[in-house]
Amino acid sequence: MSIAAAPARPLIDRFGRRVSYLRISVTDRCDFRCVYCMAEEMTFLPKRDVLTFEEIERIAGAFIERGTTKIRLTGGEPLVRRGIMDLVENLGQQVGRGLEELTLTTNGSQLRKYAEGLFAAGMRRINVSLDTLDTGRFASITRRGRLGEVLDGIEAAQAAGLQIKINMVAMRGVNDDEIEPMMAWAHGRGMGLTLIEGMPLGEVGLDRVDSYLPLREMHDQLARRFTLTRMDKRTGGPARYVHVAETGGVLGFITPMSHNFCESCNRVRLTATGQLFLCLGQDDQVNLRDALREGGPAALDVAMDRAMLIKPKGHDFVLDRSREAPAVARHMSVTGG
Ligand code: SAM
Ligand code: SF4
């Protein structure tokens, strides 16, 4: 790994947290409609409001200059944006020049087509979201996806040399019976598995209270059957990792609802329209697109400093039947997972 020189003006917020991780939602569109993520009928952003690749690259460049070492492309489904490989290739050229890692979170539907290109552009590890290995269940969770295509994409990505971590949203009564089989499957193929608690983002087609599965409980259940050893792997994010002796693989738990992880938060999220959200669970944001379009690089820089002054201390997700609206009105596909 290259040792990057300390940036001249690192991005540090009011709580002393250094921002070094940028997630970029390259589109809010998607070929799936996962029940916990989107409504069946979604209204997507008009294309003219969406950042061009050139604008994304300029913003990413400004972040790299100020100490961002990791960029994750997400969405929506990043691989459905037309011409996406142009962006991946251009950002890939920054790897080793301040940027240490360029990565991606994908639903896997387009992976067969793009796996080799992603590797060639400098990606080494990607996250693929997959909640079930059952064809019928997959169709009903994603509403539009085909499991075979995703499995095929995963195979292609591994053949291309990409390391894969599977992300699984754990839902009570939906796929909680598949956690062990998914772990055996993923670990048996040299992939990590990370379980995610559902978060109350946007109105969707799932009862979030009924399906909420506290992962603390799942961890304790698994610990009775498997030898779990806590790993010291820190990502500055909400994931905690254990090594599973019986499978030889790594299991992660993302517990935004039951565990507060905000004190070590090192990330910010750029939406497809250029709003920089400072927290997945809060509305605080600055508009980098307007800053860039109206004032160029200098205004962009000022806007990034302003962002550091308003990054909130933490989220306050609450699941509560008495609330009529979700904790955060925007869908996950807007801010990017
Ligand atoms: N389309 C890509 C995918 O599915 O991997 C990238 C975007 S998706 C919004 C990123 C991640 O967010 C996925 O792993 C998805 O399962 C997760 N996700 C979406 N809505 C969620 C929610 N309400 N709570 C928890 N995770 C969610
Ligand atoms: Fe699309 Fe990913 Fe949301 Fe599923 S989780 S609807 S694949 S953006």
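Being closer than 24 Å to R189 by Cβ and of a type in the set (V, I, T) is a description that does not apply to I84.
Within segment 1-23, which residues are surrounded by 11 or more Cβ atoms within 10 Å (Cβ to Cβ), modelled with pLDDT of 90 or more and either more than 16 Å from ligand 1 (Cβ to nearest atom) or part of a loop (DSSP other than H, G, I, E, B) (or both)?
Of segment 1-23, the ones surrounded by 11 or more Cβ atoms within 10 Å (Cβ to Cβ) are 2, 4, 7, 9-15, 17-23.
So of that shortlist, the ones also modelled with pLDDT of 90 or more come out as 9-15, 17-23.
Correct list: R9, P10, L11, I12, D13, R14, F15, R17, R18, V19, S20.
Count of segment 235-267 residues, restricted to those that are modelled with pLDDT of 95 or more and either of a type in the set (D, E, K, R) or within 17 Å of M308 (Cα to Cα) (or both), is 1. When the residues of segment 28-59 are filtered to those that are among the aliphatic types (A, V, I, L, M) and over 21 Å from E149 (Cα atoms), the one that is farthest from ligand 2 (Cβ to nearest atom) is I59.
Based on this model, can you work out whether E203 counts as part of a loop (DSSP other than H, G, I, E, B), over 28 Å from I12 (Cα atoms), at pLDDT 80 or above and not polar (S, T, N, Q)? No. Can we say V318 is within 16 Å of ligand 2 (Cβ to nearest atom) and at pLDDT below 95? Spelling it out, it is not the case that V318 is within 16 Å of ligand 2 (Cβ to nearest atom) and at pLDDT below 95.
Within segment 260-292, restricting attention to residues that are surrounded by fewer than 15 Cβ atoms within 10 Å (Cβ to Cβ) and touching a residue at least 40 places away in the same chain (Cβ under 8 Å), the residue that is nearest to L228 (Cα to Cα) is N260. Of everything listed in (1) within 16 Å of ligand 2 (Cβ to nearest atom); (2) in contact with a strand residue (DSSP E or B) (Cβ under 6 Å, 6 or more places away or on another chain); (3) aliphatic (A, V, I, L, M), the single unmet condition for L215 is (1).
Taking (1) of a type outside the set (D, E, K, R); (2) within 22 Å of I310 (Cα to Cα); (3) touching a residue at least 40 places away in the same chain (Cβ under 8 Å) in turn, A60 satisfies each apart from (3).
When residues of segment 123-150 are filtered for being within 20 Å of the chain's Cα centre (by Cα), within 15 Å of ligand 1 (Cβ to nearest atom) and under 19 Å from H187 (Cα atoms), how many remain? The total comes to 9.
Could you please find all residues in segment 70-90 being among the aliphatic types (A, V, I, L, M) and within 14 Å of the chain's Cα centre (by Cα)? First the steps, then the outcome.
Kept after step one, since they are among the aliphatic types (A, V, I, L, M), are these residues of segment 70-90: 71, 73, 79-80, 84-85, 87-88.
The answer is I71, L73, L79.
Would you be able to tell me the number of residues in segment 280-305 that are over 19 Å from P10 (Cβ atoms) and among the hydrophobic types (A, V, I, L, M, F, W, C)? Full working, then the answer.
So in segment 280-305, the residues over 19 Å from P10 (Cβ atoms) come out as 280-285, 287, 289-296, 299.
Those left that are additionally among the hydrophobic types (A, V, I, L, M, F, W, C): 280, 291-292, 299.
Matching residues across segment 280-305 total 4.
Within segment 82-119, the set of residues being within 15 Å of ligand 1 (Cβ to nearest atom), out of contact with any Phe, Trp or Tyr (no Cβ under 9 Å at 6 or more places or on another chain) and either farther than 30 Å from G148 by Cβ or not hydrophobic (A, V, I, L, M, F, W, C) (or both) comprises T103, T105, G108, Q110, Y114.
Could you tell me whether I179 is among the β-branched types (V, I, T), crowded, with 21+ Cβ neighbours inside 10 Å and either part of a helix (DSSP H, G or I) or within 16 Å of ligand 2 (Cβ to nearest atom) (or both)?
Values: among the β-branched types (V, I, T): yes; crowded, with 21+ Cβ neighbours inside 10 Å: no; either part of a helix (DSSP H, G or I) or within 16 Å of ligand 2 (Cβ to nearest atom) (or both): yes.
So I179 fails the test.
The values are calculated or read from the model by the stated rules, or taken from the named source; none is laboratory data. Quantities reported herein were computed from a predicted structural model and do not represent experimental measurements. We place every Cβ from the backbone using ideal geometry, glycine too, and count neighbours over all the protein chains shown.
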